[in-house]
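Asks: The structure's right below; bear with me while I get my questions together.
The values are calculated or read from the model by the stated rules, or taken from the named source; none is laboratory data. On a predicted model such as this, the values are computed, not experimentally measured, just so you know. No Cβ is skipped: glycine too gets one built from the backbone with ideal geometry, and neighbour counts run over all protein chains shown.
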Amino acid sequence: MNKNLVFFNTLSNKKEKFDPININKVGMYVCGPTVYDFPHIGNARPLVIFDVLFRLLRSLYGKNKVTYVRNITDIDDKIIASSKKNKKSIKELTETITKSFHEDCRYLNCLNPTFEPKATEHIKEMINMVSNLLKNNYAYENGKHVYFSVSSFKNYGKLSNKNSEQLVAGSRVEISKYKRDPLDFVLWKPSDEKDPGWNSPWGRGRPGWHLECSVMSEKFLGKQFDIHGGGLDLVFPHHENEIAQSCCSNNNERFANYWLHNGFVTFDKEKMSKSIGNIVTINKLRKNINGQVIRLALLSAHYKQPLDWNEKLINESQNTLDKWYSQFDKIDTEELKDDALKPLQEDLNTPEYIAKLHSLFEEASKGNKLSKVKFLSACRQIGLLEEDKESWRNFKKSKVKVDEKFIKQKIQDRKEARKKGNYKLADTLRKELEDNGVIIEDKQDKTTWKYK
Ligand SMILES: [Zn+2]
């Protein structure tokens with residue numbers, strides 16, 4: 001298989017050929033959710049995009065030769081605030097959201113990452129990294145806080161391609177009297193008695209958010225690894241800070257070699273935000289739309305481009321899949337040959353890949369078995385059409401509720417059929433109602449009904 005894989009690397013600001021450190025152990029780290037609130041459609045985008053990349057790397061390098069790490073941030077100021085606001089314990093809150101997040105991942109048909117470490121399980125390692133940074137004068141302690149000193153790291157700003165003044169001007173930098181420089185960021189902060197905290201050489205406290213990714217990527221992928229991914233909003237300060245911490249603590253020039261960032265999701269051309277109230281959470285979508293529709297919609301734009309989430313996009317994806325499911329078959333798919341993967345190898349060009357799926361579908365519709373295998377293999381490469389035809393149909397039916405008039409008419413028709421002894425027709429009518437998500441029950445002379 002041709003492994004000519006090309007990525008747009010945020011670090012170099014250009015397209016580069018992918019050259020893994022070790023072809024037998026390709027590593028990818030993607031920043032996972034902070035489990036303080038239900039994930040929304042903007043969070044779903046990197047989940048699906050990096051899942052497609054994970055599947056592609058597995059196809060190119062071998063299933064067991066790719067390590068995908070995606071963390072869970074289960075200690076953070078947002079979590080503490082949300083727990084107070086919702087009057088839920090931190091444990092209850094983080095467990096509920098983590099469970100819902102995992103259901104979202106299954107709903108979107110994402111493969112499990114190889115490792116899914118939690119921040120709270122790596123506090124000791126985080127304390128060690130802070131101690132190391134302090135020892136080598138990359139950090140300082142002030143008022144029970146430990147800060148990373150940004151001026152001690154010459155490459156700071158390289159990922160976002162900005163100098164210090166531009167970084168300060170363009171972002172909301174946290175103001176603190178304990179900081180020496182506005183760009184310095186917190187590695188360790190004190191915790192109130194009521195808030196979660198761990199004992200450390202600087203008193204009882206908790207880690208700054210950025211630290212966990214430096215620690216956990218090193219644990220599972222090593223000091224230097226291949227790919228680091230996440231949303232565009234993470235470039236600064238989060239990823240910039242990860243690089244600073246890791247390079248300084250490890251005395252290394254490089255951290256991740258290739259940085260991939262996906263664009264934002266807007267909702268009807270507006271920025272999604274809590275204050276506008278236009279946040280679409282994945283768990284709400286689960287009730288009404290099949291996950292494959294969401295998956296296809298999320299892949300319809302190139303990952304670096306912004307994606308506008310609207311009714312038209314969902315309808316188009318629904319119609320496409322309705323059509324594609326006519327070619328569904330429970331067959332063993334084959335490895336994609338020739339240049340079938342080429343659009344994906346070209347910086348994960350999913351729109352071009354989907355255009356190809358449309359032409360493969362046309363071929364498959366002509367009835368040739370080989371074309372059908374080709375089409376289904378190509379769909380399953382990006383995690384589509386893996387669900388049974390039955391469950392695809394049933395999901396749709398259960399969403400469209402037939403009205404009472406229709407139901408009552410069918411019950412009446414069935415009653416008359418039974419009266420005439422036409423039990424075959426009566427059964428067909430009962431089945432028709434069932435197919436429309438309605439269950440009927442005969443009690444003495446009366447027939448009652450309910451939605452499934
Ligand atoms: Zn991270």
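Asks: Any residue at all in the range 241-250 that is in contact with a His (Cβ under 9 Å, 6 or more places away or on another chain), more than 29 Å from CYS105 (Cβ to Cβ) and of a type in the set (A, V, I, L, M, F, W, C)?
Replies: yes
Asks: Restricting the range 254-276 to residues that are away from the ligand (no atom under 12 Å from the Cβ) and of a type in the set (Phe, Trp, Tyr), which is nearest to VAL215 (Cα to Cα)?
Replies: The extreme case among them is TYR258.
Asks: Which numbered condition trips up LEU53, out of (1) part of a helix (DSSP H, G or I); (2) in contact with a Phe, Trp or Tyr (Cβ under 7 Å, 6 or more places away or on another chain)?
Replies: The number of the failed condition is (2).
Asks: Name the single residue, out of those in the range 192-234 being more than 11 Å from the ligand (Cβ to nearest atom), assigned to a helix (DSSP H, G or I) and touching a strand residue (DSSP E or B) at 6+ places or on another chain (Cβ under 7 Å), that is nearest to LEU11 (Cα to Cα).
Replies: LEU232
Asks: While we're looking at this one, here's another question. Give me the pairs: first residue in the range 48-60 and crowded, with 24+ Cβ neighbours inside 10 Å, second residue charged (D, E, K, R), beta-carbon distance under 8 Å, and six or more apart or on different chains, which are they?
Replies: What qualifies is VAL48/ARG295; PHE50/ARG70.
Asks: Ok, one more. What's the total number of residues in the range 235-253 that are buried (at least 23 other Cβ atoms within 10 Å of the Cβ), among the charged types (D, E, K, R) and more than 10 Å from the ligand (Cβ to nearest atom)?
Replies: Here the count works out to 1.
Asks: Find all pairs meeting these conditions: Cβ atoms under 8 angstrom apart; at least six residues apart or on different chains; first residue within the range 425-445 and touching a residue at least 24 places away in the same chain (Cβ under 8 Å); second residue surrounded by 15 or more Cβ atoms within 10 Å (Cβ to Cβ) and hydroxyl-bearing (Ser, Thr, Tyr).
Replies: Hits for this filter: ILE440/THR447.
Asks: Do the conditions hold for LYS389, that is, is it of a type in the set (Lys, Arg), within 30 Å of PRO46 (Cα to Cα) and touching a Phe, Trp or Tyr at 6+ places or on another chain (Cβ under 8 Å)?
Replies: Taking the combined requirement at face value, the residue satisfies it.
Asks: If GLU16 satisfies every condition in (1) crowded, with 20+ Cβ neighbours inside 10 Å; (2) part of a strand (DSSP E or B); (3) acidic (Asp, Glu) but one, which is the exception?
Replies: (1)
Asks: Whether any residue in the range 96-116 is without any contact (Cβ under 8 Å) to a residue 60 or more places away in the chain, within 29 Å of ILE294 (Cα to Cα) and within 16 Å of the ligand (Cβ to nearest atom) is what I want to check.
Replies: No, the range 96-116 contains no residue that is without any contact (Cβ under 8 Å) to a residue 60 or more places away in the chain, within 29 Å of ILE294 (Cα to Cα) and within 16 Å of the ligand (Cβ to nearest atom).
Asks: Sticking with this structure for a sec: Given the residues SER326, SER365, SER371, which is the only one that is buried (at least 16 other Cβ atoms within 10 Å of the Cβ), over 26 Å from the mean Cα position of the chain (by Cα) and over 30 Å from PHE8 (Cα atoms)?
Replies: SER371
Asks: Condition first: surrounded by 10 or more Cβ atoms within 10 Å (Cβ to Cβ) and either in a strand (DSSP E or B) or touching a Pro at 6+ places or on another chain (Cβ under 9 Å) (or both). Now tell me which residues in the range 438-452 satisfy that.
Replies: Answer for the range 438-452, where residues must be surrounded by 10 or more Cβ atoms within 10 Å (Cβ to Cβ) and either in a strand (DSSP E or B) or touching a Pro at 6+ places or on another chain (Cβ under 9 Å) (or both): VAL438, ILE439, ILE440, ASP442, THR447, THR448, TRP449, LYS450, TYR451.
Asks: For the range 68-78, indicate whether the set of residues that are more than 16 Å from the ligand (Cβ to nearest atom) and buried (at least 18 other Cβ atoms within 10 Å of the Cβ) is non-empty.
Replies: No, the range 68-78 has no match at all.
Asks: Moving on to the next point. If a residue has to be under 21 Å from the mean Cα position of the chain (by Cα) and not hydrophobic (A, V, I, L, M, F, W, C) to count, how many in the range 241-267 make the cut?
Replies: 6
Asks: Search the range 354-380 for residues that are in contact (Cβ under 8 Å) with a residue 12 or more places away in the chain and pair each with any residue that is among the basic types (Lys, Arg) and assigned to a helix (DSSP H, G or I) when their beta-carbon atoms are under 8 Å apart and the residues are at least 6 apart or on different chains.
Replies: LEU360/LYS374; PHE361/LYS323; GLU363/LYS374; ALA364/LYS372; ALA364/LYS374; ALA378/LYS356
Asks: If you go through the range 159-191 one residue at a time, how many are at pLDDT 85 or above, crowded, with 17+ Cβ neighbours inside 10 Å and not in a loop (DSSP other than H, G, I, E, B)?
Replies: So the answer is 5.
Asks: Right, something else. Return yes or no: is THR98 over 21 Å from ASN251 (Cα atoms), under 16 Å from the mean Cα position of the chain (by Cα), assigned to a helix (DSSP H, G or I) and among the β-branched types (Val, Ile, Thr)?
Replies: yes
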